[in-house]
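Reviewing the structure listed below.
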Amino acid sequence: MSRKPVPAQSGDRSRAELTFDRPQLLVRLFGQYDQNLVALENRLGVYITARGNRVGLEGAAEQVAAARDVLHDLYGRVGRGEEVDTGLVDAAIAMAAEPHLDGIIRADTGTPAPSVMIRTRKKTIVPRTPAQAHYMRALGSYDMIFALGPAGTGKTYVAVAQAVQQLITGSVQRLILSRPAVEAGERLGFLPGDMKEKVDPYLRPIYDALYDCLPAEQVERRIASGEIEIAPIAFMRGRTLADAFVILDEAQNTTPAQMKMFLTRFGQNSRMVICGDPNQTDLPGGVNASGLADATRRLDGVEGIAMARFAAGDVVRHPIVGRIVEAYEGAS
């Protein structure tokens, strides 16, 4: 890859060159048709040339420094077997803008391991945005955490990963994963099958996160033994959830009565995470009828409860998802 850089227009332009000691990793680092380097150029306004195992950077001094840090981070991730795509490029750029997170974003072999991470049987998860880093710290410190923000910010995925980590280390005895069975704007009608078959479609995102963190046979075995329980919120009534990691997903679709019922199930040696987008609900009464909005208003600032808030800039799916969220949030 070689691009002719634009001539420097001012004295604040800078050049840097990186040399990578494992050139066999560079195909994955650069991406198909160098798409990751192109994304880095577009996001930071730098010019990149790649020859052999050397990469040259040119641009404003601050942007060149950021691009250098991002490339070091991504190179370390590729070396650990992670897949790098343009979404991860965006996330690494966001992390590079946070100086206090240097220990997380610099993942080359000469630096310590990330200070915030979640280890599961299948992968090690590190934060991809500053908001995720705050969230992951809260998951390790607080008994009850509200994760608030739009789709695609990793709220449920990171919570499930933390729950799996605590289950496999013995910190909790079981996982309880729940969400309200509310239709998202369409009428699904009669669903055949037993109770599990009826509610499974609503709980599919939770299953997907579980299978991403644990081998399939372990997920099935732990569900069969009762170590992992996945159920709609209606099944929580009358229970005390002790020695458990409890996650409520799509919490914006609970009513205030359901939310109060769920929160008061909290038992000894438990941790509870409530995930949802306060600005979106499928309830007939809209946001004003949401138990999530009601709970965050009542409980913000209460001792032992953390609020982790995400915005469109924290979306870690395809970059277009973040732009869609911004467009809808800005709509009148």
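The values are calculated or read from the model by the stated rules, or taken from the named source; none is laboratory data. Treat the numbers as computed from the prediction; the structure is a model and nothing was measured. Virtual Cβ from ideal backbone geometry, glycine too; neighbours counted across all protein chains shown. Surface areas here come from the heavy atoms of the whole protein model, side chains and all, with no ligands, DNA or RNA. Shrake-Rupley method; radii C 1.70, N 1.55, O 1.52, S 1.80 Å.
If Phe266, Phe235, Phe20 are ordered by their accessible area, calculated over protein heavy atoms with a 1.4 Å probe, which sequence runs from highest to lowest?
Heavy-atom accessible area, descending, gives Phe235, Phe266, Phe20.
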Pair Ser141, Glu217: separation of 7 Å Cα→Cβ label points (nm): 4.0
Whole-Hz ³J(HN,Hα) from phi, Karplus 6.51 cos²θ - 1.76 cosθ + 1.60, for the stretch 257-273, glycine and proline x: 5, 5, 5, 4, 4, 5, 4, 7, 7, 4, x, 5, 6, 10, 9, 10, 10
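With a/c under 1.5 counting as rounded, go ahead and sort the stretch 9-51 into rounded, prolate or oblate using the C-alpha gyration tensor (a ≥ b ≥ c being the square roots of the eigenvalues; past the cut-off, prolate if a/b is larger than b/c, else oblate). Could you put the intermediate results ahead of the total?
On the way: a/c = 3.52, a/b = 1.57, b/c = 2.25.
It comes out oblate by the Cα gyration axes.
Would you mind calculating the gained length between Glu227 and Arg121 on full extension (0.36 nm times residue separation, minus the Cα-Cα distance), in nm to one decimal? Each step should come with its number before you reach the end.
Details: separation 106, 0.36 × 106 = 38.16 nm, distance 1.58 nm.
Result for the pair: 36.6 nm of gain on full extension.
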Accessible area (Å², 1.4 Å probe, nearest 10) - Tyr47: 80
Cβ-based charge dipole, the stretch 214-285, positive-most Cα from Ile223, Leu263, Pro284: Leu263
Note, ³J(HN,Hα) from phi for the stretch 75-84, Karplus 6.51, -1.76, 1.60, rounded to Hz, x at Gly and Pro: 4, x, 5, 4, x, 8, x, 7, 8, 10
Residues whose placed amide H lies under 5 Å from that of Leu283, excluding near-sequence neighbours: none
FRET efficiency for Val287 and Ala61, using Cβ-Cβ distance with R0 set to 41 Å, rounded to 0.05: 0.35
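Let me know the Kirkwood hydrodynamic radius for the stretch 194-296, please, with Cα pairs as the basis and the value in Å to one decimal.
Working: mean 1/r = 0.0678 Å⁻¹.
Averaging 1/r across every pair of different Cα atoms and inverting gives 14.7 Å.
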Note, ³J(HN,Hα) from phi for the stretch 230-241, Karplus 6.51, -1.76, 1.60, rounded to Hz, x at Gly and Pro: 10, 7, x, 4, 4, 7, 7, 4, x, 9, 10, 9
Interchain or long-range residues, amide H under 5 Å from Ala60's placed H: Ser14
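With r as the distance between the Cβ atoms of Arg51 and Arg237 and R0 = 56 Å, compute the FRET efficiency 1/(1 + (r/R0)^6) and round to 0.05. Show your work: numbers first, answer last.
Details: r = 65 Å, r/R0 = 1.16.
Computed FRET efficiency for Arg237 and Arg51: 0.30.
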Efficiency of FRET between Arg22 and Arg323 - r from beta-carbon atoms, R0 51 angstrom, step 0.05: 0.90
Gln268-Glu83 pseudo-label distance in nm [points 7 Å out on the Cα-to-Cβ vector]: 4.5
